[in-house]
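Trainee: Sending over a structure as structure tokens; questions will come in a sec.
The values are calculated or read from the model by the stated rules, or taken from the named source; none is laboratory data. Remember, it's a predicted structure, so these values are computed and weren't measured experimentally. No Cβ is skipped: glycine too gets one built from the backbone with ideal geometry, and neighbour counts run over all protein chains shown. For the accessible areas, the whole protein counts, side chains as well, though only heavy atoms, and no ligand, DNA or RNA atoms are used. Shrake-Rupley method; radii C 1.70, N 1.55, O 1.52, S 1.80 Å.
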Amino acid sequence: GGTELIAFRLAQRWVAAGRRVSILAGASDGPLRPRVPNGAEVHILAPERPRSRFSRLFLGSQMAPVARALAPDAVFIPGNFHFMLGKGLREAMPRAAIVAKASNPVWSDDWVPLPIARALLARATAGIDRIVAMAPALEADVSRYISADRVVVIEDPFLDDQAAITTRAPAPAGASLRLLTVARLEPQKDPALALQTVKVVRDLGHAVHLTMLGSGPMHQELERRIAQLGLGACVTLAGYVADPTPYYRAADVLLMSSRFEGVPAVIGEALLHGLPFIATDCSPWLTALAVSHPALGTVVTSRDPSDLARALIDRSLQPLPTPEEIDAGIGSHRVGPAAHAYLELFDTLQRR
């Protein structure tokens with residue numbers, strides 16, 4: 001996924017800076033092994049510990065002996081799912097700097113009283129020195145639940161330094177509206193809402209086709225929903241794709257139907273190819289981006305497929321964003337400054 005690819009992008013820069021980088025993983029069954037950067041060591045637990053809903057509860061202690069043998073000066077935990085590793089890794093390596101990135105909102109259950117949520121997160125992040133908020137717009141949300149002295153901001157590097165923003169030709173008048181989603185097929189991403197939105201667009205009399213990139217546990221359920229909604233000719237489940245570039249270039253609008261996100265890298269990758277977005281109100285960063293740079297896309301505050309459908313149709317009639325507008329919105333999310341900021345953070349924590 002995007003979180004892992006960004007971790008690899010950072011690792012590549014850290015290797016280039018002369019640091020020794022080791023990637024410790026629970027299992028080797030994922031599709032990203034070919035994307036491991038040159039020069040980074042890879043260590044897999046034996047026996048392997050594939051990811052599951054509860055695997056993180058034990059993974060920290062399972063990784064501890066291997067991590068201790070590697071003797072790192074700093075540990076980087078790339079996302080929320082593995083916050084719980086911090087406690088076991090801290091017990092194994094009391095002097096290592098441990099930094100974790102908040103890849104999604106750190107708390108999403110509003111019904112839990114704030115003091116209880118803060119206490120639970122303090123326990124879940126025990127052993128972690130700093131939590132990284134991926135953009136200034138996310139700092140306040142992270143600091144609401146995590147003590148502010150543990151929170152730092154490093155903008156998430158979903159763009160390579162050399163990546164050029166490309167232009168694209170407008171779709172021909174009267175052409176079918178080509179939509180794209182790029183997301184794991186799981187409840188957080190709410191792919192069913194994307195299907196319902198496509199149905200509304202079609203029922204409003206517009207020719208439309210949605211390509212869904214990604215794999216996940218909801219694949220069979222989505223196949224059934226596509227059949228129930230009569231969308232067989234309107235939706236393609238394309239599965240996991242290592243390089244989505246041709247799909248970005250072929251689409252007219254990126255649709256994001258997530259329930260919650262941090263800094264969704266897919267938005268930046270799409271914009272890199274000149275592709276505007278329509279998204280649910282799933283991320284403070286994304287909302288701030290749409291407000292400050294409306295040419296790039298629209299955030300819809302409701303989760304009503306009719307509202308999303310109307311926003312998609314309206315967006316398809318607007319001018320495409322220019323490279324200058326795109327760079328103004330996302331140009332700060334390049335890897336060089338972020339990799340340097342992480343190294344400075346690791347080194348500062350080591351000198352304590």
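Trainee: Pick out the long, greasy-scoring helices in the chain: whole DSSP H runs spanning 20 Å or more along their own axis by Cα, mean Kyte-Doolittle at least -1.0.
Mentor: Taking the DSSP H segments of the chain (at least 20 Å long, mean hydropathy at least -1.0), we get 2-16, 56-70, 335-350.
Trainee: To make sure I understand the rule: partners must be lysines, Cα under 30 Å from the Cα of residue 199, and not fewer than 8 residues away in the same chain. Which ones qualify?
Mentor: List returned: 189.
Trainee: While we're here: Once neighbouring chains are kept in place and the probe is 1.4 Å, which whole percent of the accessible area of the chain is contributed by carbon and sulfur?
Mentor: Solvent-exposed carbon and sulfur of the chain make up 54 percent of the total.
Trainee: Spin-label point model (7 Å from Cα, Cβ direction): what's the residue 62 to residue 153 distance in nm?
Mentor: 3.7 nm
Trainee: Let me check the size of segment 297-352 from its C-alpha atoms; what are the radius of gyration and Dmax in Å?
Mentor: Using the Cα atoms of segment 297-352, the pair Rg, Dmax is 19.3, 55 Å.
Trainee: Looking at the chain only, what percent of DSSP beta bridges run antiparallel? Nearest 5 please.
Mentor: Among the beta bridges of the chain, antiparallel pairing accounts for roughly 0 percent.
Trainee: Two decimals is fine: what is log10 I(q)/I(0) at q = 0.11, 0.13, 0.14 Å⁻¹ for the chain, from a Debye sum with one equal scatterer on every Cα and no solvent?
Mentor: Here log10 of I(q) over I(0) equals -0.77, -1.06, -1.21.
Trainee: About the Cα centre, and with charges only on the beta carbon of Lys, Arg (+1) and Asp, Glu (-1), how big is the dipole of the chain? Nearest 20 debye, please. Don't skip to the answer; put the middle values down first.
Mentor: Working: 36 positive and 34 negative charges, 194 e Å.
Around 940 debye, computed over the chain.
Trainee: Report the Cα centroid-to-centroid distance between segment 308-352 and segment 1-45 in angstrom, as an integer.
Mentor: 22 Å
Trainee: Per residue, how large is the accessible surface of the chain? Use a 1.4 angstrom probe and give square angstrom.
Mentor: Here the per-residue accessible area is 47 Å².
Trainee: Right, another one. If you scale each eigenvalue of the Cα gyration tensor by 5 and take the root, what three semi-axes come out for segment 193-247, rounded to whole angstrom and sorted largest first?
Mentor: Its equivalent ellipsoid spans semi-axes of 20, 15, 8 Å.
Trainee: Do me a favour and compute the ellipsoid semi-axes for segment 142-188 from its Cα gyration tensor, root of five times each eigenvalue, largest one first, whole Å. Can you show the working numbers first?
Mentor: Values: eigenvalues 272, 77, 21 Å².
In descending order, the three semi-axes are 37, 20, 10 Å.
Trainee: Per the helix-only calculation at 222 nm, which mean residue ellipticity applies to the chain, given -39500 (n - 2.57) for every DSSP H run of n ≥ 4 and division by its residues, nearest 500 deg cm²/dmol?
Mentor: Theoretical 222 nm ellipticity from helices: -12000 deg cm²/dmol.
Trainee: Reported to two decimal places, what Rg/Rh ratio describes segment 60-209 when computed on Cα atoms with Rh from the Kirkwood expression?
Mentor: 1.12
Trainee: While we're here: May I ask you to work out the translational diffusion coefficient for segment 23-130 at 37 °C, viscosity 0.692 mPa s, via Stokes-Einstein with Rh from the Kirkwood sum over Cα pairs, reported in whole µm²/s?
Mentor: 221 µm²/s
Trainee: Turning to a different aspect of this structure: Note down, for segment 238-352, the three equivalent ellipsoid semi-axes (square root of 5 times each alpha carbon gyration tensor eigenvalue), biggest first, whole angstrom.
Mentor: Semi-axes (√(5λ), whole Å): 29, 16, 15.
Trainee: Using a cut-off of 18 Å between alpha-carbon atoms, which aspartates and glutamates can reach residue 87, once sequence neighbours fewer than 8 places away in the same chain are excluded?
Mentor: 73, 129
Trainee: Based on the Cα coordinates of segment 174-289, what is the per residue volume of their convex hull in Å³?
Mentor: 102 Å³
Trainee: Continuing with the same structure: Which whole-angstrom value gives the distance between the alpha carbon centres of segment 68-145 and segment 221-290?
Mentor: One Cα centre to the other: 28 Å.
Trainee: Residue 73 versus residue 241, label points 7 Å from Cα toward the beta carbon: distance in nm?
Mentor: 4.1 nm
Trainee: Also, I was wondering about something else. Using heavy-atom solvent-accessible surface (probe 1.4 Å) with all chains present, what is the largest-first order of 158, 54?
Mentor: Largest accessible area first, the residues go 54, 158.
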